[in-house]
Amino acid sequence: MAATKKKPRAPRRKKADAGSKGLAPKDVGTGADASKALEANIVADGGVVIGSYRDPLGGHGVVLAALPIEKVKATDYQRDRSETHVKKLANAMERVGRYLDPVIALRHDDGFYHSPNGNHRLGAMGLLGAKSIVALVVPDAEVEFKILALNTEKAHNLKERSLEVIRMYRGLVGARGKELETSFLAEFEEPHFATFGIVYEQRPRFSAGAYSSVVKRLEGFFEEPLEAALKEREKRARLLMAWDDEVVKVVDALKAKGLQSPYLKNYVVARVNFLRFKKGGEFDFEETIAKLHAATAKIDPTKVNKDDVAKMGGGAPAESDE
């Protein structure tokens, strides 16, 4: 299956002229007709509408509401909740005695509100025994799949990003599986996230960072329906895991002879990565991974010394993604 390569990097954007885009303050506060039905549903669900407005950039309707906390739950398309962070956040909220950061929520037909970006805040309020939570309720259900592109304030590591994308991917396959993968460039951001995400589902301690430079070079988005593209990504994930098995064998052998370094996986991958010397051109994913797998199997750990690892080591240690 052929993949469409990413578009060339766009030139650095220039700052727009002040006051040239979006709505004026008087227009933001006018509310939107599309929000009226949502407001009625919020009240019927036991919530309270605090106000409504149009967002100042796109003019889309948003409802500010207090919702029963038992009716709000996190979507599956985001990073896993860290209980340590939840407790830390709950302690801070309790100390300050305030909750000032509304979650984003989307109402589903079952009467529950799904929050695509408030997992830890929701957990902290639940831990504190809160009765309600304040939310920005958005009428457009598509935001549930676009929120990843907006969630940039706290950097995700490669594992978190990949798992978020593949969870979103599987949800979209169920709802819109006949649409082309290339229709979701904004939602998925990078094609390798989905492939790595499939691996992480099966191997939570996979070190994607060691393979990232190779896979990013080979990956592209598919001009194929999501249903078919997912099968291809699952195939690619299996190839990566097989190569990873071979890399781990070499790493274990190097550790057995006394070499201890967080860069051992990076070293093994870099040693066989012939793409480093190829400045241009396109390479077939399956064929290239097969060559790298075979080259890894030929490495003789007895001929590797500490200086070899030091010379080729670079970048973040492979374990940094775990």
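Within the range 29-50, is even one residue in the same structural domain as L106 (by TED's automatic domain parsing) and within 28 Å of the chain's Cα centre (by Cα)? No, that holds for no residue. Within the range 293-302, the presence of at least one residue that is exposed (fewer than 12 other Cβ atoms within 10 Å of the Cβ), acidic (D, E), assigned to a loop (DSSP other than H, G, I, E, B) and out of contact with any strand residue (DSSP E or B) (no Cβ under 9 Å at 6 or more places or on another chain) is confirmed. Number of residues in the range 84-127 that are touching a helix residue (DSSP H, G or I) at 6+ places or on another chain (Cβ under 8 Å) and touching a residue at least 40 places away in the same chain (Cβ under 8 Å): the value is 15. Assigned by TED's automatic domain parsing to the domain that holds K216 and either in contact with a Cys (Cβ under 9 Å, 6 or more places away or on another chain) or at pLDDT below 95 (or both), is that true of V304? Spelling it out, V304 is indeed assigned by TED's automatic domain parsing to the domain that holds K216 and either in contact with a Cys (Cβ under 9 Å, 6 or more places away or on another chain) or at pLDDT below 95 (or both). In the range 121-240, counting only helices (runs of 4 or more DSSP H) that sit wholly within it, the ones holding 2 or more residues that are within 19 Å of the chain's Cα centre (by Cα) and modelled with pLDDT of 90 or more span 158-176, 191-202, 208-218. Of the residues examined, R98 is one that is of a type in the set (K, R), at pLDDT 90 or above and not in a helix (DSSP H, G or I). A Cβ distance below 7 Å, combined with a sequence gap of six or more or placement on separate chains, defines the contacts here; from the range 279-308, residues that are within 20 Å of W243 (Cβ to Cβ) reach residues that are aromatic (F, W, Y) and assigned to a helix (DSSP H, G or I) in the pairs I289/W243; L292/W243; H293/W243; T296/W243. Within the range 175-203, the set of residues being under 13 Å from E227 (Cβ atoms), surrounded by fewer than 22 Cβ atoms within 10 Å (Cβ to Cβ) and of a type in the set (D, E) comprises E179 only. Per this entry, K279 is not counted among residues that are part of a helix (DSSP H, G or I) and farther than 24 Å from Y77 by Cα.
Each residue in the range 209-250 was checked for being crowded, with 17+ Cβ neighbours inside 10 Å, closer than 14 Å to H192 by Cβ and touching a Gly at 6+ places or on another chain (Cβ under 9 Å), and 5 pass. One residue alone among I69, I104 is aliphatic (A, V, I, L, M), within 18 Å of the chain's Cα centre (by Cα) and surrounded by 15 or more Cβ atoms within 10 Å (Cβ to Cβ), and that residue is I104. Taking the criterion of being more than 15 Å from the chain's Cα centre (by Cα), surrounded by fewer than 16 Cβ atoms within 10 Å (Cβ to Cβ) and charged (D, E, K, R), would at least one residue in the range 259-266 satisfy it? No.
In this entry, G61 passes the filter for residues that are surrounded by 13 or more Cβ atoms within 10 Å (Cβ to Cβ), small (G, A, S) and either under 28 Å from N119 (Cβ atoms) or outside the structural domain of G171 (by TED's automatic domain parsing) (or both).
Does at least one position in the range 155-163 carry a residue that is surrounded by fewer than 16 Cβ atoms within 10 Å (Cβ to Cβ) and among the acidic types (D, E)? Within the range 155-163 (the criterion being surrounded by fewer than 16 Cβ atoms within 10 Å (Cβ to Cβ) and among the acidic types (D, E)), the answer is no, since none of the residues qualifies.
The values are calculated or read from the model by the stated rules, or taken from the named source; none is laboratory data. All values derive from a computational prediction rather than experimental measurement. With ideal geometry, Cβ positions are generated from the backbone for all residues, glycine too; neighbour counts draw on all protein chains shown.
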